Amino acid sequence: MRYCFRMRLPLTKSSDYLREIMIREHLARRGIHDPEVLRAMREVPREAFVGEGMQELAYEDGPLPIEEGQTISQPYIVAYMTEALELSSSDRVLEIGTGSGYAAAILSRIVGAVYSVERLEGLAHSARQRLAMLGYSNIVVHVGDGTLGWLEHSPYDAIVVTAGAPQVPKPLLEQLAIGGRLVIPVGASYEVQILVRVRRVSEHDYHREELCGVRFVPLIGAAGW
Ligand code: SAM
């Protein structure tokens, strides 16, 4: 990986190369198998979503700082959460926590429509501009408290929350279609969580599974922290 930068290859060429290494070493080798998820991770240029001066770190498998003290998630976790959503091409997905827009871009390569909610106006504005510049036209970004979901476009086939919640917000359960999947980090502590998948099996019944330990910035809002 470092070899490429020492050789000073043009950024686009080395980015394509580094993205392939990321897919092989950090995703496929660690159990990400869904071909649609791997294709989406291959298509979206993560270097366009990281902060100024961070481009060279875009394909390291870690979170990176973005504006307003927030983070762009680790590529493996983005792929893992996307795979856990069990998406189909006709799905409509709600994402809570737009951040840089990277996860929304990944989702948009797999499904028909992505609705993404961000509480920080500045981040939402930059994400909208970035996504438009890259030509991702099936994503709508909304500024608001995502713990309340986005009722207008519900029900959703899948909902993904990219910030850690103290419990699963009730409005998100209510806005999930029957058969729909919700993937969310949940934890009593502000800093570490368990990634949980909730499946709505009928009007009043939900099935909950614990997937793995994760660490996300807090989900702040009426039904969050
Ligand atoms: N998905 C993002 C990406 O691909 O760059 C990373 C998200 S970052 C880990 C978590 C985001 O959740 C932050 O941008 C934060 O402002 C946002 N957030 C926290 N609480 C929220 C809430 N109640 N509603 C919407 N967004 C929220």
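The values are calculated or read from the model by the stated rules, or taken from the named source; none is laboratory data. A quick note: this is a predicted structure, and the numbers were derived from the prediction, not measured. Cβ coordinates were reconstructed from backbone atoms using ideal geometry, including for glycine residues, and neighbour counts include every protein chain displayed. Surface areas here come from the heavy atoms of the whole protein model, side chains and all, with no ligands, DNA or RNA. Shrake-Rupley method; radii C 1.70, N 1.55, O 1.52, S 1.80 Å.
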> How do the pairs read when you match residues in the range 175-191 that are touching a residue at least 40 places away in the same chain (Cβ under 8 Å) and farther than 21 Å from GLU83 by Cβ with residues anywhere that are of a type in the set (Phe, Trp, Tyr) and buried (at least 23 other Cβ atoms within 10 Å of the Cβ), using Cβ under 8 Å and keeping only pairs 6 or more apart or on different chains?
Replying inline: GLN175/TYR156
> Quick check, is ILE159 within 14 Å of the ligand (Cβ to nearest atom), open to solvent by 10 Å² or more (accessible area, probe 1.4 Å) and under 16 Å from the mean Cα position of the chain (by Cα)?
Replying inline: no
>> Of all residues being open to solvent by less than 70 Å² (accessible area, probe 1.4 Å) and of a type in the set (Asp, Glu) in the range 114-156, which is nearest to the chain's Cα centre (by Cα)? Just the residue, please.
In response: GLU118
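What residue, among those in the range 26-74 that are on the phi > 0 side of the Ramachandran plot and more than 14 Å from the ligand (Cβ to nearest atom), is surrounded by the most Cβ atoms within 10 Å (Cβ to Cβ)? Full working, then the answer.
Let us first name the residues in the range 26-74 that are on the phi > 0 side of the Ramachandran plot, namely 31, 53, 68-69.
Filter once more, so that each one left must be more than 14 Å from the ligand (Cβ to nearest atom): 31, 53.
On the way: GLY31: 10, GLY53: 7.
Step by step, filter the range 26-74, then rank; the result is GLY31.
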> Scanning the range 162-207 for residues that are of a type in the set (A, V, I, L, M, F, W, C) and open to solvent by 30 Å² or more (accessible area, probe 1.4 Å), which turns out nearest to THR71 (Cα to Cα)?
Replying inline: VAL192
